[in-house]
Each structure stands twice: as structure tokens, then as C-alpha cells.
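Right, one structure below, let's go through it.
The values are calculated or read from the model by the stated rules, or taken from the named source; none is laboratory data. It should be emphasised that the depicted structure is a prediction, and the values quoted were computed from it without experimental measurement. Cβ placement follows ideal geometry from the backbone for every residue including glycine, while neighbour counts extend to all protein chains displayed.
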Amino acid sequence: MLKHVHLSPLRSRADTLSLSSTASYSSLSPEPLSSRSSSYSSLSEAAPTTTIKVYARCLRLDIEYKTLSISFQTTSREVVASLLSKYRMRHRDPKLFYLTMEVTVRKAGMRTVLVLDEEARPAALQSCHPRGDSRFSLQMRRGGLVKIYDSVLMPGSLYKSLLVSERTTVDDLLQLLLNCYGSQERVEQFSLYEVCRSQEYQRKLHPDDCPLRVQQCWPSPGEFHFLVRRNVQDLGFRPRRKAPWTPELPPIPSSSRQLPTDGPSSLCDLSKHRSSTSCSEPTYDTYYFI
């Protein structure tokens with residue numbers, strides 16, 4: 001049993017042996033441990049991928065299963081994204097779906113269904129069981145419809161209703177809308193607003209907010225809706241730079257940069273001196289003290 005588990009991650013899809021190969025294998029003497037480890041490393045370099053069969057009837061009724069070629073580092077999230085991409089379902093939210101693994105123990109006659117998280121590796125999990133004793137299925141979570149007014153993305157569109165999960169964030173929703181229209185723009189160029197008609201206000205949502213949870217908190221859903229706006233910095237508007245203010249002073253000769261000997265000797269004398277000076281005829285002494 002240990003030998004089977006050790007070699008199972010690198011077995012090819014056709015893992016049955018012919019009668020001649022079985023006879024020749026029984027006549028051979030056991031190999032040393034060093035030679036087995038070297039052959040194991042060579043196999044890992046030659047066959048880095050494997051195939052898994054995913055039953056995906058929840059996507060469409062005419063889809064029974066899909067065979068995917070993945071590596072042992074491929075996660076469940078990447079498997080879900082690959083399935084949606086292959087069937088061109090750009091409007092489907094990837095966070096609505098998850099993978100389950102059904103494991104069968106033949107000797108005990110038991111079946112166990114495991115819910116895989118997004119970081120689980122289906123190929124590595126499949127290699128821990130004999131071929132045919134595990135089965136992957138695509139499941140769907142409960143979600144809700146969200147109406148988004150997205151005329152800024154598509155001028156001919158008024159709004160779009162999407163089925164999303166409670167864990168879908170604002171950035172996920174914006175990326176889903178961009179995928180629906182085949183746009184190559186970045187998510188950072190847009191923002192999602194919560195609009196209330198009766199109270200006449202708009203509130204900008206944080207990129208990590210979940211629109212479906214926000215919608216569930218609305219007292220009367222008919223008065224609220226979501227609106228997509230383009231950010232101000234992406235509209236081409238740039239605030240004008242104000243030039244630093246500098247007083248336009250007449251040039252001061254170098255010979256007049258020192259106080260005259262008969263000038264005011266205190267602040268009181270300075271105020272009297274300024275009041276006696278005419279505004280139409282500025283003096284160099286006044287500018288020096290400013």
C-alpha cells in the first residue's frame with residue numbers, strides 16, 4: 001500500500017500493465033532504493049501535469065463533465081476559472097462556484113464528500129487515492145441579483161443584472177462587468193456608488209465592500225440602486241497649478257541696501273517715518289524693512 005501511494009502522483013492515465021510486462025516484472029529482482037529514487041525524480045521532471053475529470057452539470061444541463069489537464073500546483077480557484085473560460089461564461093461570478101471531492105473506500109463501502117477551499121490542489125489530492133476512487137464536482141453557492149447602471153462602460157446599455165455571491169467585492173463586480181463587455185480597461189479607473197432616489201444622495205463604496213450585503217441592508221430596495229462612475233483622475237481633468245506669488249518690487253540699488261545714518265532709530269520713529277512718506281513715491285528704506 002505504501003508503494004502504491006508513493007508512485008501514484010506520477011502515474012500516467014493508462015496505468016494498466018500487460019501480461020508480458022507483468023511476467024517480466026515478477027522475474028526481476030528488487031531494485032536498490034537509490035535507483036528507485038533516481039527514477040522517481042526523472043519521472044517528476046518528465047510528467048509535471050495530470051488530468052482530472054470535473055462534473056459540471058450546474059453550469060449547463062447539457063454538460064456532464066469536462067476533462068482538464070492541470071499541474072500538481074493548480075488550485076481549485078484556477079480550475080473554476082478555467083471551466084468558466086472554456087465555456088465562455090463571462091457573466092458568471094467565479095465566487096459562486098466551488099469544488100467538491102467525493103472519495104470512495106471500496107473495502108469499507110463508504111463514500112465521503114469533501115468541500116475544497118480555493119487554495120486546495122485537486123491533482124495532489126487525487127494522487128493520494130487509487131484511480132477511479134475519487135470524483136470532482138462543480139457546485140454552486142447561493143447568491144443574489146444585483147442591478148448596476150453601467151452606461152459609463154457601454155453607452156447603449158442602461159443597466160445590467162448579475163448574479164453574484166455574498167463574498168463578491170466591488171472590485172470583483174467591476175471586473176465582471178468589464179469582462180462582459182470585453183473591455184481592457186483597469187478596475188482602478190472606476191468606482192461603484194450607492195444611489196438613493198428619495199434622499200438624493202450618493203455614497204462611494206470601498207473596493208472591499210460586498211455589494212450584495214450592502215443591498216440586503218436597504219430598507220426599501222426600490223429607492224436604491226448601484227451606479228458605476230469613472231474616476232475623476234481618468235477623465236482628463238487636471239487641477240491648475242498656481243504659480244507662487246512674488247511681489248513685484250523695483251530693483252534696489254546696491255548702494256541703497258544699508259540704512260542711512262539719518263533714518264529712524266526705533267519702531268516708533270519708523271511708523272512716523274512711513275506715515276510721512278508719500279504712497280506715490282516709495283522709498284528704498286520702506287522696502288528694505290518689509
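A few notes on this one:
- Looking only at the range 95-108, residues that are outside any strand (DSSP E or B), in contact with a Lys or Arg (Cβ under 8 Å, 6 or more places away or on another chain) and either free of Cβ contacts under 8 Å to residues at least 24 places away in the same chain or of a type in the set (A, V, I, L, M, F, W, C) (or both) come to 1 in all.
- Residue within the range 213-226 that is of a type in the set (A, V, I, L, M), assigned by TED's automatic domain parsing to the domain that holds Ile148 and either modelled with pLDDT under 95 or surrounded by 12 or more Cβ atoms within 10 Å (Cβ to Cβ) (or both) present: yes
- Of the numbered criteria (1) farther than 30 Å from Ser161 by Cβ; (2) more than 20 Å from the chain's Cα centre (by Cα); (3) in contact (Cβ under 8 Å) with a residue 40 or more places away in the chain, the one Arg111 fails is (3).
- Where strands (runs of 3 or more DSSP E) fall wholly inside the range 112-206, the ranges with 2 or more residues that are surrounded by 17 or more Cβ atoms within 10 Å (Cβ to Cβ) are 134-140, 144-149, 160-164, 190-196.
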